[in-house]
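Here the structure is laid out as structure tokens; the discussion comes afterwards.
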Amino acid sequence: MRETLLSWLPEDLTGSTLIDAGCGTGVLAIEAAQRGAEVVAVDLSPTLVNLARERFRQLDQDLDVTFLVGDMREMDLGSFDYAVAMDSLIHYDVADGVQTLQAMAEQIQRKMVFTFAPKTPLLALMHATGRLFPRGDRAPSIEPVSPARLGRQLEDAGMMQAWKTGQSHRIDVGFYKSHAMELTRR
Ligand SMILES: C[S@@+](CC[C@H](N)C(=O)[O-])C[C@H]1O[C@@H](n2cnc3c(N)ncnc32)[C@H](O)[C@@H]1O
């Protein structure tokens, strides 16, 4: 998925700014920086951000990455050419996901690439079954979203006046199911 999202951005990112929203351990942020981008990478989890910083420090390369702890929905970090949100919206229901994209969009000048958990009949069944078990036994729940519904909600939120949808790609390998989309400024 990381390769897919990065392949939707220019090969040479020199002179571009990019925000990695929900960066986890920072792998994508570092790859984008290796392609020339000036990167800000943010995550809610201080533990993951510390891991990312440590991994980055050990690389000992002259790259421009700033790792920050925080909530991407609330931070005003200025303007960026690109935003990437890989698997960071998968726990949001469609309304929250769209709201998050809307908040991010205000800061993005060119393109946003992101993923969500695709709603397939099998996943919908697994999701419904999961609700029957106590929450303490499970990882944070994933919110499957149908691509068509997401498209309608983006439209209803008025986002499509300024943005157009582009490539779309689903990866379904073993337990990993994620759907990537891109939105480009008109
Ligand atoms: C499944 S992990 C993916 C991490 C990374 N993007 C990757 O693909 O390896 C989702 C990450 O999104 C982060 N996240 C979710 N909502 C967030 C928010 N509102 N602000 C910042 N980070 C967020 C979580 O803390 C978590 O580290």
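When residue 77 is tested against (1) crowded, with 21+ Cβ neighbours inside 10 Å; (2) in contact (Cβ under 8 Å) with a residue 40 or more places away in the chain; (3) not charged (D, E, K, R), just one condition goes unmet, and that condition is (1).
Among the residues making up region 80-99, a single one is near the ligand (Cβ under 7 Å from one of its atoms) and either over 13 Å from the mean Cα position of the chain (by Cα) or free of Cβ contacts under 8 Å to residues at least 60 places away in the same chain (or both): 91.
Any read-out appearing in this document is the output of simple, stated calculations on the displayed coordinates, not a laboratory observation. Since we're looking at a predicted model, the values are computed, not measured. Backbone-built Cβ (ideal geometry, glycine too); neighbour counts: all protein chains shown.
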